[in-house]
Each structure stands twice: as structure tokens, then as C-alpha cells.
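Just below is one structure, and these are the notes that go with it.
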Number of protein chains: 2
Amino acid sequence: MDLKQIAKDTTKTLISYLTYQAMRTVMDQLSETDPPRSLRLHEFSRRERIENSEAYLEVLFTEDRALAFRILTVREHIAEEVAEYLPEMLRTGIQQANTQQRCQQLERMTQTDPDATGAHPEPELPSPEPTDSTLTNQSDGFAE
Amino acid sequence: MDLKQIAKDTTKTLISYLTYQAMRTVMDQLSETDPPRSLRLHEFSRRERIENSEAYLEVLFTEDRALAFRILTVREHIAEEVAEYLPEMLRTGIQQANTQQRCQQLERMTQTDPDATGAHPEPELPSPEPTDSTLTNQSDGFAE
């Protein structure tokens with residue numbers, strides 16, 4: 001696992017995502033002050049893929065240079081404001097999502113267990129040919 | 001601009017992206033130890049959209065529960081390792097990307113000026129027909 005490369009790629013994805021949020025913000029602001037221009041930005045952003053934010057901006061510079069400069073400013077502002085909260089929100093978010101996924105699986109496994117036991121009541125193994133779920137129970141125990 | 005909502009949405013995007021990176025990591029590991037299973041995970045990830053990571057995992061739990069549990073563990077590990085570096089990498093990354101975009105525009109704007117000046121010579125400008133290389137050198141100088 002190349003964590004350095006993952007961190008770099010994650011940053012790139014983050015930059016593209018914040019560029020998208022900056023575009024959305026500018027579009028919202030324009031919808032109050034200059035609705036036709038807001039619409040043009042909307043149409044432009046449907047045509048050009050903002051997933052590659054730098055290429056998106058380069059094309060926008062050729063169509064509406066002032067807007068492109070404005071998006072640069074807004075994305076930098078958003079990054080400054082949210083950056084410090086991201087580590088904690090990410091850690092908490094992943095832990096919560098994982099707990100939720102694990103709980104759902106536990107519920108599903110305990111819901112299916114009674115049937116299995118009813119069909120093959122045995123003291124040690126629930127069935128002569130252990131099911132995937134039995135093995136997963138064990139390996140999950142080790143993982144945590 | 002609702003920065004709180006943007007921070008929440010950004011975290012969700014980050015979680016999905018790190019789930020994708022965790023899937024890639026597990027797939028790489030399996031390609032050494034269990035190539036057919038690595039291939040199945042590859043095919044599965046082509047079918048199911050990992051952009052919505054929680055829905056992706058829920059379906060994976062029904063197809064290969066142990067693999068899904070493993071991806072939960074790996075994404076939590078990746079998040080722990082990269083989280084603290086993200087704020088600085090994001091700030092620096094956005095600043096660099098913005099500087100680069102602004103320099104490109106400065107170069108483009110100064111490259112188109114000479115024609116305009118030639119057509120309408122005006123007293124304030126430094127020389128009637130500055131060469132491309134002179135202006136490019138100057139804007140390079142400002143950038144560095």
C-alpha cells in the first residue's frame with residue numbers, strides 16, 4: 001500500500017471536488033445578480049467535465065475569464081475554511097460508516113442464524129459444511 | 001455559501017474516495033494471493049458504482065462478506081494514516097494550482113496585447129511593439 005501516493009491522489013480528488021463546490025457557489029451567487037450568466041455557467045458545467053478541474057478551468061478561461069478567476073478565488077477560500085476540520089470529520093465519518101455497516105451485517109447474520117440452527121441442530125458447528133457466514137464471523141473477530 | 005454543508009459533503013466524497021482506494025489495495029493484495037478472487041472483485045467494482053461507497057459495500061456484503069469486511073478495515077486504516085496530512089496538502093495543492101492557472105492567463109493576456117497595441121498605439125504602454133519573449137520573461141519573473 002503506497003500511502004504517499006494515496007495521499008497525493010486524494011488531494012487531487014479533493015481539489016477537483018472543491019472546484020465543483022466553488023462553481024456551485026458562484027452559480028448560486030450569479031442566479032441573484034446575473035441570472036443569464038448563471039445559466040451559461042450551468043450549461044458550460046454540463047458540457048465540460050469538472051472531475052478534471054484544471055482542464056475544466058482552462059476551457060472556462062477561454063469562455064468567461066472573469067468567472068474562471070472568481071472560481072479560483074472561491075475554491076481557495078473554501079479550502080482555507082474547511083481544511084482544518086477535514087481530518088476529524090473524515091476519521092469520525094469513516095468510523096461511523098464502518099460501525100453502521102458492521103451492525104447491519106451482525107443483524108443480518110443473527111437473523112439468519114436461527115433458521116440454520118433449526119435445520120441442523122448441532123452442538124459445535126452449526127452445519128457439517130461451514131457456511132461462508134460462519135467463517136466470516138471468525139475472521140471478522142480477528143479483524144477487530 | 002454554506003461552509004458547514006460543504007464540509008459535510010466533502011467528507012462524504014472523501015469517504016467514498018478512500019473506499020475506492022481501499023478496494024484497489026485489497027484487489028492488489030489478492031492478485032498475489034488469490035488471483036481469481038481479485039478478478040471477481042475487479043468485475044464486481046466495474047458493475048457496482050463505488051461513487052456511492054455505502055451502497056457499493058452493502059451489495060458486496062451479499063456477494064463476498066469477508067472481502068467487504070476487509071475493505072472496511074483497510075479504508076479505516078488509510079483514513080487514519082492520511083487524515084492529518086490532508087489540510088496542508090490541500091492548501092498547498094490549491095495554491096499551486098491557482099498560481100499555475102493565473103500564470104497561464106497572464107502569459108496569454110500579455111501575448112495578445114502586442115497586436116492590440118500595434119493596432120491602437122497608446123502612450124502609457126512601455127513599448128509600441130514589445131516582443132513575445134520580453135513579456136513572457138517578465139510574467140515568469142513575477143511568478144517566481
(request) Among the residues of segment B:72-102, write down those that are more than 7 Å from chain A (Cβ to nearest Cβ), closer than 19 Å to A:His77 by Cα and open to solvent by less than 60 Å² (accessible area, probe 1.4 Å). (result) B:Thr92
(request) Output the number of residues of segment B:83-100 satisfying the condition of being among the polar types (S, T, N, Q) and under 21 Å from B:Gln21 (Cβ atoms). (result) 1
(request) Please specify each residue of segment A:25-39 satisfying the condition of being facing another protein chain (nearest Cβ under 9 Å) and open to solvent by 40 Å² or more (accessible area, probe 1.4 Å). (result) A:Asp28, A:Gln29
(request) Hey, can you tell me all the residues within segment A:46-71 that are touching a residue at least 24 places away in the same chain (Cβ under 8 Å), crowded, with 16+ Cβ neighbours inside 10 Å and not basic (Lys, Arg)? (result) A:Ile50, A:Ser53, A:Tyr56, A:Leu57, A:Leu67, A:Ile71
(request) Test B:Phe69 against the stated conditions and say whether it is more than 21 Å from the chain's Cα centre (by Cα) and within 10 Å of another protein chain (Cβ to nearest Cβ). (result) yes
(message) Only one of A:Arg40, A:Arg49, A:Arg108 is touching a helix residue (DSSP H, G or I) at 6+ places or on another chain (Cβ under 9 Å) and at pLDDT 95 or above. Can you tell me which?
(response) A:Arg40
(request) Determine if segment B:9-20 includes at least one residue that is in contact with a Phe, Trp or Tyr (Cβ under 7 Å, 6 or more places away or on another chain) and open to solvent by 70 Å² or more (accessible area, probe 1.4 Å). (result) no
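The values are calculated or read from the model by the stated rules, or taken from the named source; none is laboratory data. These numbers were taken from a predicted model, which means no experiment stands behind them. Quick reminder, even Gly has a Cβ in these numbers, built from the backbone with ideal geometry, and neighbours come from all protein chains shown. Heads up: the accessible areas ignore ligands, DNA and RNA and are worked out on the full protein's heavy atoms, side chains in. Shrake-Rupley method; radii C 1.70, N 1.55, O 1.52, S 1.80 Å.
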